[in-house]
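Report on the following structure.
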Amino acid sequence: MDRLQEKYKKEISLDLQKELKLKNFFQCPRPEKVVVNVGIGNWVTKDSTRREEVLKKVSHDLMLITGQKPQIRPAKKSVSGFSLRKGMPIGLRVTLRGKRMYHFLERLIHVVFPRIRDFQGINLSSVDKAGNLTVGVKEQLVFPEISGDDTDFFFGVEITVVTTTKNREEALALFRKLGIPLKKEK
């Protein structure tokens with residue numbers, strides 16, 4: 001069992017139960033899943049001859065980052081201004097749950113965020129009303145699994161942490177207890 005998952009079960013959930021005045025352990029907010037998205041539409045539409053090569057390399061990098069094979073996301077409709085046709089691959093998505101989710105969150109908190117240049121913390125506006133956190137990383141090179149020498153393409157990664165919370169305040173309490181570096185409220 002991962003350290004973060006064990007810490008959640010033994011410490012964080014009990015602290016949240018007291019702090020939020022919940023009657024039952026099962027009412028405690030918890031991370032439900034982590035969704036990692038990468039958009040590749042601009043490379044694919046510019047040069048259709050390199051489409052398979054780009055998809056293969058970005059998919060491989062995303063697989064190294066998450067430990068799970070990404071799902072190719074097709075375009076929902078055609079847009080002639082972008083030379084985009086319905087069904088063309090424009091992104092990749094990975095959904096992590098359970099042990100992989102906790103392992104990824106632990107690496108994100110303790111390894112990736114400290115490697116981001118001039119990182120001051122995550123804005124509170126990144127947490128929506130439903131209690132989900134969405135963070136963007138500009139380059140995949142902040143992940144230790146990716147080597148800069150082997151990479152031809154630099155892409156951004158969007159990470160969404162979906163929680164079981166009912167409101168934003170519960171989510172902020174959960175994220176702070178998990179150790180996610182949020183900025184202080186003003």
(request) Assign unit charges at the C-beta atoms only (+1 for Lys and Arg, -1 for Asp and Glu), then state the dipole size of the chain relative to its Cα centre in Debye, rounded to the nearest 20. (result) 740 debye
(message) Roughly how far apart, in whole Å, are the Cα centres of the stretch 100-134 and the stretch 140-186?
(response) 2 Å
(message) For the stretch 62-153, take the convex hull of the Cα atoms, compute a quarter of its surface area, and give me that in nm², please.
(response) 8.4 nm²
(request) With a 10 Å radius around each residue's Cβ, average the other Cβ atoms per peptide and rank 33-40, 95-102, highest first. (result) 33-40, 95-102
(request) Please list, or write none, the lysines whose alpha carbon is within less than 22 Å of the alpha carbon of residue 9, excluding same-chain residues fewer than 8 places away. (result) 18, 21, 23, 33, 99, 166, 177
(request) With volume of the Cα convex hull per residue in Å³ in mind, check (1) 105; (2) 315; (3) 141 and report the label derived from this structure. (result) (3)
(request) Give me the Debye-computed log₁₀ of I(q)/I(0) at q = 0.09, 0.13, 0.14, 0.19 Å⁻¹ for the stretch 1-108, equal point scatterers on Cα only, no solvent, two decimals. (result) -0.38, -0.63, -0.68, -0.91
(message) If I stretch the segment between residue 88 and residue 153 completely, what's the gain in nm (0.36 nm per residue apart, minus their alpha carbon distance), one decimal?
(response) 21.5 nm
(message) Along the Cα→Cβ direction, 7 angstrom out, place labels at residue 22 and residue 9. What is the inter-label distance in nm?
(response) 1.6 nm
(request) Name the most mobile residue of 108, 62, 20, meaning the one with the largest mean-square fluctuation, in a Gaussian network model of the chain with Cα contacts below 10 Å. (result) 20
(request) Run down the lysines and flag those whose C-alpha is under 16 Å from the C-alpha of residue 57, throwing out any fewer than 8 positions away in its chain. (result) 69
(request) Please return the longest stretch of the chain lacking exposed loop sites, where GluC sites (Glu not before Pro) count only if DSSP places them in a loop and at most 14 other Cβ atoms lie within 10 Å. (result) 1-144
(request) Enumerate the amide H contacts of residue 90 below 5 Å, restricted to partners 5 or more residues apart or on another chain; note that Pro and chain-start residues carry no placed amide H. (result) 73, 75
(message) If packing is taken as the average number of other Cβ atoms within 10 Å across a peptide's residues, how do 75-88, 119-132 rank, most packed first?
(response) 119-132, 75-88
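Only the coordinates and a few stated rules stand behind these numbers; no lab work does. Predicted, not measured: the structure shown is a model, and the values here were computed from it. Here the Cβ is made from the backbone with ideal geometry for all residues, glycine too, and neighbour counts use every protein chain on show.
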